[in-house]
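J.: Quick one: structure below, then a few questions.
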């Protein structure tokens, strides 16, 4: 079941592995670091590649702001690893095989009767509160401005 999230909501906790088998839990960032989640429908598709390569190109700006950035998708280790290597991505890609985390963040839509991940960007502050939600492909400048507004 897909839920709806809004700015000001508590971010749903989750634990997922990335393409290298590293476990990532949102709770570990609480009190120390903001987290940017980029939900995307497919590895190595045009829009997803554009979005994640833009994040890669602006990696330093996110790092300087102390924000941990993660892609979230239902694909497995092999697909994520190939995508990361092909485009030299610097963002860990979390594996949401059953799309439960994507659903908790309202990032599922119906497509020909089947649920698929909807391109969504969610910023969670250090306290675990959602501070920015945007569906689609917002420019990095807009995302960075939302991060700067946290200070």
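The values are calculated or read from the model by the stated rules, or taken from the named source; none is laboratory data. Small disclaimer: the values here were computed from a predicted structure and weren't measured. Neighbour counts are summed over all protein chains in view; Cβ atoms, including those assigned to glycine, are modelled from backbone coordinates with ideal geometry.
J.: Quick check on the range 103-123. Is at least one of its residues in contact (Cβ under 8 Å) with a residue 24 or more places away in the chain, over 16 Å from the mean Cα position of the chain (by Cα) and buried (at least 17 other Cβ atoms within 10 Å of the Cβ)?
T.: no
J.: Does residue 57 meet the test of being within 23 Å of residue 28 (Cβ to Cβ) and surrounded by fewer than 16 Cβ atoms within 10 Å (Cβ to Cβ)?
T.: Details: within 23 Å of residue 28 (Cβ to Cβ): no; surrounded by fewer than 16 Cβ atoms within 10 Å (Cβ to Cβ): yes.
So residue 57 does not fit the description; no.
J.: Just to be sure before I move on: is residue 13 assigned to a loop (DSSP other than H, G, I, E, B), surrounded by fewer than 16 Cβ atoms within 10 Å (Cβ to Cβ) and touching a helix residue (DSSP H, G or I) at 6+ places or on another chain (Cβ under 6 Å) in the structure I sent?
T.: Working: assigned to a loop (DSSP other than H, G, I, E, B): yes; surrounded by fewer than 16 Cβ atoms within 10 Å (Cβ to Cβ): yes; touching a helix residue (DSSP H, G or I) at 6+ places or on another chain (Cβ under 6 Å): yes.
Answer is yes for this residue.
J.: What strands (runs of 3 or more DSSP E) completely inside the range 68-151 contain at least 3 residues that are more than 20 Å from residue 53 (Cβ to Cβ)?
T.: Those strands (runs of 3 or more DSSP E) span 108-111, 114-117, 130-135.
J.: If I ask for residues that are touching a strand residue (DSSP E or B) at 6+ places or on another chain (Cβ under 6 Å) and more than 13 Å from residue 18 (Cβ to Cβ), which ones from the range 75-95 would you list?
T.: The answer is none; no residue qualifies.
Each row is one residue, and each column tells you yes or no for (1) in contact with a helix residue (DSSP H, G or I) (Cβ under 6 Å, 6 or more places away or on another chain); (2) loosely packed, with under 13 Cβ neighbours inside 10 Å; (3) modelled with pLDDT of 95 or more; (4) within 19 Å of residue 133 (Cα to Cα).
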position	(1), (2), (3), (4)
24	no, no, yes, no
28	no, no, yes, no
37	no, no, yes, yes
46	no, yes, no, no
51	no, no, no, yes
70	no, no, yes, yes
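J.: Of (1) buried (at least 16 other Cβ atoms within 10 Å of the Cβ); (2) under 20 Å from residue 108 (Cα atoms); (3) in contact with a helix residue (DSSP H, G or I) (Cβ under 7 Å, 6 or more places away or on another chain), residue 5 satisfies all except one. Which?
T.: Among (1) buried (at least 16 other Cβ atoms within 10 Å of the Cβ); (2) under 20 Å from residue 108 (Cα atoms); (3) in contact with a helix residue (DSSP H, G or I) (Cβ under 7 Å, 6 or more places away or on another chain), residue 5 violates only (3).
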